[in-house]
Amino acid sequence: MLAHAFSKLQNTGALLKANVMLLLLTLSLFTVGAFAAENLPTASTMPWWGWVIALFVTCFFLGIVAVPSGVGGGVLFVPIVGGFFPFHLDFVRGAGLLVALASALAAGPSLLRGGLADLRLALPMAVLASASSIAGAMIGLAIPAAIVQIALGLTILGIVTLMALAKKSEFPEVGEPDKLSSALAMNGIYHDAARNEKINWHVHRTPLGLLLFVGIGFLAGLFGMGAGWANVPVLNLLMGAPLKVSAGTSSFILTLVDSSAAWIYLNKGAVLAIIAVPSVIGMMMGATIGARLLHVLKASVVRKMVISLLLFAGVRALLKGLGIWV
Amino acid sequence: MNQKTSFISVEQQRYATWLSWGSRSGLAVLIVTFLGYVLSGLPARIPLDQMPAVWSLSTHDYLLKTGAPTGWHWLNLLGQGDFASLLGIAWLSGCSLLCLLAVIPIYAKRKDWVFVGLCVVALLVQLLAASGILTVGH
């Protein structure tokens, strides 16, 4: 009994330590961001390697918080790096797509093998979203950066609202599957390790889901962000796929959607290796740590911190676009 | 085949295998070429110490100032560190193409023509994006 109490005390200590570290990390991201925005002019005297190291470290920390908060790294990357680093938004969006793409590619194989991503559910959505992401990328590169900044700020504030208000349903109630999902056999079985049982699932409201994926793909291409924040609610709350299948399939869809948009940025010359590669490596290393911390961090606390961080970055993007806080 | 994978379709398992190889090799190429760029002193079209002067420009102004290539012309400049690093990026962006190609025969053998069609359309969309035909500008 004493050993049990001691072990519980140790776990509470570890939990407390991890959450305090995370609080400090978030506060430092806020402080560094605000300091950078206030004090670093565009033509900074900092050498190139200083920026590369700062970018790598920022992405490493973003990767840590991205996993437990349940948002993709790309959603955090674009507003934060776009708002507080001297890089043009075109290059930030190009790098953001690659960050989201690399994370999705790394997770894809195990999600498919575990049945948490479903090819039959993903392909119809991915085809439409890929095509619209091309349109989004082309429009994003054709319109002035200030307009993209304003739209980005408003979208991030919308995401913050969605994150704060949206509910999730682990196993949504789905009546009869609709005709389209039946015809495409958009159903499946996966093994839920937590419950140690096989879960059968099917979906409904497929036509509306497909329509929404057109819009989601467009936003992904326009802003260079992964779109897990929108994919998961559509798959889970609208179409009725179980939460784990929604999250896994959403990640897999990004492998196709973000690669289409990434080609447009690459062909246009909007991908600079010096920005994209340290971001990808930093985010992936951070995500590895974040996945390990998943068991000790309190997800709701991390989620609230990420919402605050996004709120700050969204307001910053909006004010930057409006020329108020440049 | 264990309990966890017994209900995963053959095409999904094949897609996963190809995706795993494609993404791992792409990441390796990305890291090796980037290290070659920043550490080994490979010649670069835009020297690293001049990057801060151009990375705050819009793509349009950056292309005008540096004469950097668009489309697939960077392939002609693979000997230069900044463009060699794009190889890994293109690899990662293109690795889904092979995965889609790999599952088409499985759907075709099962006469699942709808999914054959979906894979073909997905391939065409990816190829169209990669082709460089679609041009935009500020």
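Each value in this text was obtained by applying a stated rule to the coordinates, not by laboratory testing. As the structure is a prediction and not an experimental result, all values here were calculated from the model. Because the Cβ atoms are built from the backbone with ideal geometry, glycine has one as well, and the counts that use them run over all protein chains shown.
Kindly give Rg over Rh for the protein assembly as shown, based on alpha-carbon atoms, with the Kirkwood expression for the hydrodynamic radius. Provide the component values of the computation, followed by the final result.
Values: Rg = 21.8 Å, Rh = 22.5 Å.
Ratio value, two decimals: 0.97.
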Relative contact order of segment B:10-131: what whole-number percent is it, with Cα pairs under 8 angstrom and at least 6 residues apart?
38
Evaluate peptide A:122-131: per residue, the Cβ atoms of other protein chains within 10 Å of its Cβ; return the mean as an integer.
5
Quick check: pseudo-label points 7 Å beyond the Cα along Cα→Cβ at A:Val57 and A:Met285, how many nm apart are they?
1.2
Can you list which of the trypsin sites (Lys or Arg not before Pro) found in segment B:42-123 are DSSP loop residues with at most 11 other C-beta atoms within 10 Å?
B:Lys111
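Under the definition of partner shielding as Cβ atoms of other protein chains within 10 Å of a residue Cβ, what is the mean value for peptide B:83-89?
Numbers: counts 1, 1, 6, 7, 1, 6, 15.
Mean shielding by partner chains, rounded to a whole number: 5.
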Specify the inter-centroid distance of segment A:258-326 and segment B:64-138, based on alpha-carbon positions, in whole Å.
24
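Using the structure shown, select from A:Lys167/A:Lys320; A:Lys244/B:Lys111; A:Lys168/A:Lys198 the pairs with a Cα to Cα distance greater than 25 angstrom.
Values: A:Lys167/A:Lys320 31 Å; A:Lys244/B:Lys111 30 Å; A:Lys168/A:Lys198 20 Å.
From the list (A:Lys167/A:Lys320; A:Lys244/B:Lys111; A:Lys168/A:Lys198), the Cα-Cα distance tops 25 Å for A:Lys167/A:Lys320; A:Lys244/B:Lys111.
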Just rank A:Leu89, B:Leu39, fewest to most, by other beta-carbon atoms within 10 angstrom.
B:Leu39, A:Leu89
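Ranked highest first by the average count of other Cβ atoms within 10 Å around their residues, in what order do A:183-191, A:251-259, A:107-115, A:53-61 fall? It would help to have the intermediate numbers written out before the result.
Working: A:183-191: 18.1, A:251-259: 30.3, A:107-115: 22.1, A:53-61: 20.2.
Top to bottom by mean Cβ count within 10 Å: A:251-259, A:107-115, A:53-61, A:183-191.
Would you mind estimating how fast chain B diffuses translationally, via Stokes-Einstein at 4 °C and 1.567 mPa s with the Kirkwood radius over Cα pairs, in µm²/s? Walk me through the numbers before you get to the answer.
Working: Rh = 17.8 Å.
For the chosen part, D equals 73 µm²/s.
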To the nearest 0.05, how large is the calculated FRET efficiency for A:Asn196 and B:Val10 if R₀ is 25 Å and r is the Cβ-Cβ distance?
0.50
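Per-residue mean of other chain beta-carbon atoms within 10 angstrom of the beta-carbon, peptide B:111-123? Mind showing how you got there, number by number?
Working: counts 0, 3, 0, 6, 6, 0, 1, 7, 3, 1, 6, 9, 1.
Rounded to a whole number, the mean comes out at 3.
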If I take R0 = 35 Å and measure r between the Cβ atoms of A:Lys298 and B:Lys111 in this structure, what FRET efficiency does the formula 1/(1 + (r/R0)^6) give, to the nearest 0.05?
0.10
So the label point goes 7 Å from the Cα of B:Leu39 along Cα→C-beta, right? Which residues of segment A:260-289 then have their backbone N under 12 Å from it?
none
